[in-house]
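The values are calculated or read from the model by the stated rules, or taken from the named source; none is laboratory data. This structure is a prediction, so every number in the text was calculated from the model and none was measured. Cβ: placed from backbone, ideal geometry, glycine included. Neighbour counts: every protein chain shown. We work out accessible area using only protein heavy atoms, side chains counted, and drop any ligands, DNA or RNA first. Shrake-Rupley method; radii C 1.70, N 1.55, O 1.52, S 1.80 Å.
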Amino acid sequence: MPAQVICDIFSRTLITLRISALMNNDKTWRPPIRRQGAFTYLAGLLLGAALCKPAGAGILTERSDDYQWRLCPAERLIPLRPGYTDSTIDPESIEIRADSSRLVEGGLSQFTGDVELIRGEQSIRAEVMTYDDAANMFRAEGRTHIWNSGMTWSGESVVYDLDAETIDLDAGRYWLLNGRGRGYALNLHHDAVADITELKGVDYSTCPLSDESWRVSASTIKLNHEKDRGAAVNAVLRVRDIPVFYFPYISFPLSDKRKSGFLAPSLGSSNRSGLDTRVPYYWNIAPNHDATLTPRVLADRGMMLETEYRYLQSDYQGRANVEYLPGDDLAGGQDRSLLGLTHEHYLFGRRGYAFLTLNNVSDDEYFEDFGGNIAATSQRFLNREFNFRYRERNTFVRVIAQSYQTIDPTIPDRAKPYRLLPRLQYRGAFPITGSRFLPIMQAETTYFDHDSEVAGGRLNLSPTLQYRYIKPFFAVTNRITLHHSEYLLDDPAAQFDDRESRTVPVASVDASLFAERDLSLFEHSYLQTFEPRLFYLFAPHVPQETIPRFDGNLLETSFRNIFRENRFSGGDRIGDANQVTAAVTSRILDTQNGRELGRLSVGQIFFFRDREVTLPNVSEVDDSVSELIAEAAMNLGADWSLRGTVQWDPNRPRTEKAAAQLRFRPGLDTVFNIGYRLRRARTDVEQTDLSFRLPILGNLAIIGRWNFSLIDKRSLETIGGIEFESCCWGLRVAGRRFLRNAEGQFDTGVFVEVEFRGLGGVGQKSGSFLRRAIAGYHDPFE
C-alpha cells in the first residue's frame, strides 16, 4: 500500500471520493525497479525524506501485505457499508432508503431515521438527509458516514452538489480499507470538474487509536488528480505528541506513477571512513527509465557522488553505475571512482539472449574502502564480458568475449586470467526417428590473449553418439565421444610449437536402478527408495604436456562431479581414465504429502590405472580409489532441517572436506543457524558459523552472526543487535565488524534504523547485509 504520509495515502483513497466515479485506470506497464512514488520538498531536505517512502519496490515472497500489520489489533471498528438492494440496479442510479421521508417536488425533500444513499461504489449514511430539488444538492447530518472503494469517512455533515459535482465533509475521521491508515480532518472539499481535492487540518497514522505512537499533521493538503500531484503545507511528524520533524512544504504523487524527488536518507559510521551520510535523489525520467543521484558525505574522506541509471523494456533492461570521490583525504588526495554497465537483451522471439557487463575501479583498494561486506572486499577480478546465446529445440550457439580487471595486487602478471577474444560454441543434437541413438555434435573455437604468457587459438571438435535405454525402474546411457583439438600458438618464450593437436576418444556407460518399499516409522507410513548407480568411464592416455594451459583446471571433488566424463574443466586437458563410480542414494518420503523426510547419498570412484594426464607442475595421481563422498539431508519436522557433506580420503587417510548446517525456522520471525566448514587446500579453511534472529521479550528480538576461523583463531565477521516491532513502528540497532582484506584489517560499523510503518524510515539501511549474513532472515521492516 502506498502510504507516504499524506502522500500516497490520500492519493489512492480520496481520489475515489469523486462523485463522478472516474477512477484512474492508467494501465501503462511499469518496471518493478524502484519503489514508485518518491517525493519532493522545498525544505527539511535531510529529514524530510523520512516522510514519504517510495512505494512499490521489492517483491513479496512468503509475506502478504497483511504481514507487516500482524502485531496490530485483529479488527478495526469500521462502520459496515450499505449496498444496493438489487445487484441488477444500474450503478449510475441513486437509491435512497430511510425510515421515513417527505418528498417535495421542486422544493426541499427530507429523509430521516437511518438514511442510506447508494450510487455506484459510493454510499452515504446519516441520521438526517435533505435534498434540495432546485439546487440539486444533498445535505447529510448527524453521525454521517461515506464509503467508497478505498476508504470510509465518518463526520458531522456532508454536502453533495450534483450540478457542481462537489462534495464537502466537515470534522470527521477516515479509515483506509487497504492497510492500516487512518486519521482526522477538519474539512474536505472535492471538485470533480477540476479534479482537485483540498483537505484542511489533517492527521494521519497507521497506529491503533488506543496506542498512537506517531502521527503526521498538516494544515492543508491539495491534491490535483489530473496531474497526479499533491502538495502539503506545514506538515509535522509527531512521536507521542512530541513534534520531531517540521516540513513547510511537501510535494508528492497521487498514484503508482513514479515521481522525482528525494528518498530516505541513510546515516551510519565506520572506523574506515568515519560518519557516512547518503541523501539519494530519485529522477523519474520516463515510465521505463529512471536514475538515482546520491551525494555521499564520508567525514574522513570527503564528498562522493554515486549515480545509477536504469532502463527496462519488454525485451531488454540494464543499468549503469558511476561513483566518484575527488581528492580522497585518506588516500593522499587521490581521485577514487567506479564505473559499471550491465545490459541484458532478448532477441529472436526470446530464443536469443545477449548480456554485456563492463566494470572498472580506479584502484585496487576501492572495494576495501567502500565495500560493505566480505564478498565485496575480497574481490580479486572485475568482469568485463559480452555473452550471446541462441537456443533452438536441438541447437545451441554461444559467443563470448571476456576480460578482467585485476584488483588484487598480490597476483603476479603470469597468474592473471586470459582474455577470450572471442569464444564461439556450438552444440547440436540430431534425433533419429524411431531409434534410441542420438548423434550430438559439439564445437568450440577460442582465441586466448595474454600480456605475458603464450597466446593463441584453440579449436575443439567433439562428435558424440549416445544410446539411451529407459524403463520406469532402470536406465542406461551409453556414450562415445571423440575429442579433437587444434592449437595455433604465439609464444614469445618459444616454450610451445606454433601448432599442436590432440585426439582422445572417451567412452562411458551410466546405469541406474530405482526401487522402493513401504516403511513404517512411529506409526506413520513412509516410502523408502533405493537408487544405486554405476558409471564406467574409459579414456586412453594421450600425452598433452606440449599443450599450454589456457583455461584448464582440475574440478573439485563432489558427488556431482564423480559422474563427469572429464576431471578437468575447460578444453586444455582430456583426462585419461579407466574407472568405475559406484554410488547409492536412499530417500524417505512421506506418503501423505510427498515431503522428503531424509536423503543419504554415498559414492566413490575406483581407479583401474594411474592418471597420467595432469596440469603443469602437478604430478600424476596413483591412488586406487577417490575420496569417499557422503551427502545427507534431514527435515526434522516442519521447523528443523539438517544438511551435511563429508569427503574422506582413505589414501591419506584424513577428511578433506566437511560441511554441516542445522537450521531452526518455525516462522518468518525466528531463524537459528549453526554451521561448520572444513576444507583442505593450499590454504586450509576451518570455520564455524552461528547466526540467528530470536524473539526474546514480547516484540523485542536479538539478531547476530559469529563467523569464526578455527585455524586463525579469530572472528571473520561479528554482528550483534536488537530489533523492536510494534503495530506501527520499529527500531533496529546493529553493530558489525568484519575482515576486509587478506592483511587482517577489519572494518567496524554501527547501524541505527527507525521505521514508521506505512510512512517511511530514517537511518542506515541494514536489511540487505543481514539477509546475506543470516541465512533464512526476513527483514521485518519490508
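Take the residues in segment 96-123 that are open to solvent by 30 Å² or more (accessible area, probe 1.4 Å) and among the charged types (D, E, K, R); name whichever of them is nearest to ARG757 (Cα to Cα). This residue is GLU121.
When segment 542-553 is filtered for residues that are open to solvent by 10 Å² or more (accessible area, probe 1.4 Å) and touching a strand residue (DSSP E or B) at 6+ places or on another chain (Cβ under 6 Å), the ones remaining, listed by number, are VAL542, THR546, PHE550, ASN553. Considering segment 677-732, the residues that are among the small types (Gly, Ala, Ser) and in contact with a Leu (Cβ under 7 Å, 6 or more places away or on another chain) include one that is modelled with the lowest pLDDT, namely SER726. Checked against (1) in contact with a Phe, Trp or Tyr (Cβ under 9 Å, 6 or more places away or on another chain); (2) open to solvent by 30 Å² or more (accessible area, probe 1.4 Å); (3) aliphatic (A, V, I, L, M); (4) within 23 Å of GLN334 (Cβ to Cβ), ILE285 meets all criteria but (4).
Residues that are of a type in the set (A, V, I, L, M) and without any contact (Cβ under 8 Å) to a residue 24 or more places away in the chain were ranked within segment 713-734; the one that is surrounded by the fewest Cβ atoms within 10 Å (Cβ to Cβ) is ILE722.
Only residues that are outside any loop (DSSP other than H, G, I, E, B), more than 18 Å from GLY761 (Cβ to Cβ) and either hydroxyl-bearing (Ser, Thr, Tyr) or at pLDDT 85 or above (or both): list them for segment 242-272, please.
ILE242, PRO243, TYR246, PRO248, TYR249, SER251, SER270
Select from segment 432-467 the residues that are touching a strand residue (DSSP E or B) at 6+ places or on another chain (Cβ under 8 Å) and among the hydroxyl-bearing types (Ser, Thr, Tyr) and write down the one among them that is nearest to PRO412 (Cα to Cα). By that ranking, first place goes to TYR447. Note on segment 195-215: residues that are more than 36 Å from the chain's Cα centre (by Cα) and open to solvent by less than 20 Å² (accessible area, probe 1.4 Å) total 3. Summed over segment 335-363, residues that are surrounded by fewer than 15 Cβ atoms within 10 Å (Cβ to Cβ) and touching an Asp or Glu at 6+ places or on another chain (Cβ under 7 Å) total 1. Would you mind stating whether GLN592 is out of contact with any Phe, Trp or Tyr (no Cβ under 9 Å at 6 or more places or on another chain), open to solvent by 50 Å² or more (accessible area, probe 1.4 Å) and outside any strand (DSSP E or B)? Here the answer is yes, as GLN592 does meet what is asked. Here is a check on your reading of the model: is ALA494 among the aliphatic types (A, V, I, L, M), open to solvent by 40 Å² or more (accessible area, probe 1.4 Å), modelled with pLDDT under 95 and closer than 21 Å to ASN617 by Cβ? When the stated conditions are applied, ALA494 passes them.
Within segment 354-380, residues that are modelled with pLDDT under 80 have Cβ atoms under 7 Å from residues that are part of a loop (DSSP other than H, G, I, E, B) in these pairs: GLU368/ARG740; GLU368/ASN741; THR377/GLY371; THR377/ARG740; THR377/ASN741; GLN379/ILE407, counting only partners at least 6 apart in sequence or on another chain. Does THR503 count as among the hydroxyl-bearing types (Ser, Thr, Tyr), open to solvent by 90 Å² or more (accessible area, probe 1.4 Å) and over 42 Å from the mean Cα position of the chain (by Cα)? When the stated conditions are applied, THR503 does not pass them.
Table: residues versus (1) open to solvent by less than 70 Å² (accessible area, probe 1.4 Å); (2) of a type in the set (D, E, K, R).
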| site | (1), (2) |
| --- | --- |
| TYR390 | yes, no |
| ARG398 | yes, yes |
| LEU421 | no, no |
| MET441 | yes, no |
| THR445 | yes, no |
| HIS484 | yes, no |
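Conditions (1) without any contact (Cβ under 8 Å) to a residue 12 or more places away in the chain; (2) in a loop (DSSP other than H, G, I, E, B); (3) open to solvent by 40 Å² or more (accessible area, probe 1.4 Å); (4) over 26 Å from GLU556 (Cβ atoms), marked per residue:
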| residue | (1), (2), (3), (4) |
| --- | --- |
| ARG665 | no, no, yes, yes |
| LEU678 | no, no, no, no |
| TRP706 | no, no, yes, yes |
| ILE711 | no, yes, yes, no |
| ARG736 | no, no, no, yes |
| THR748 | no, no, yes, yes |
| ARG771 | yes, no, yes, yes |
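Contact annotation: residue pairs with Cβ atoms under 6 Å, 6 or more positions apart or on different chains, pairing a residue in segment 570-582 that is of a type in the set (Val, Ile, Thr) with a partner that is assigned to a strand (DSSP E or B), are ILE574/HIS483; ILE574/VAL504; VAL580/TYR536; VAL580/PHE606; THR581/PHE535; THR581/ILE605.
Only strands (runs of 3 or more DSSP E) whose full extent lies in segment 74-179 are considered here, and the ones with at least 1 residues that are at pLDDT 85 or above and closer than 23 Å to HIS190 by Cα are 95-97, 108-119, 122-132, 137-147, 151-161, 166-176. With assigned to a strand (DSSP E or B), open to solvent by less than 30 Å² (accessible area, probe 1.4 Å) and either hydrophobic (A, V, I, L, M, F, W, C) or within 30 Å of PRO616 (Cβ to Cβ) (or both) as the only criterion, which of THR464, THR477 stands out? Answer to the check: THR464. Only one entry in ARG414, ARG427, ARG436 is in contact (Cβ under 8 Å) with a residue 24 or more places away in the chain and surrounded by 15 or more Cβ atoms within 10 Å (Cβ to Cβ), namely ARG427.
Comparison of ARG599, ARG609, ARG652, ARG587 shows that the only residue that is open to solvent by 50 Å² or more (accessible area, probe 1.4 Å), part of a loop (DSSP other than H, G, I, E, B) and under 25 Å from ASP510 (Cβ atoms) is ARG609.
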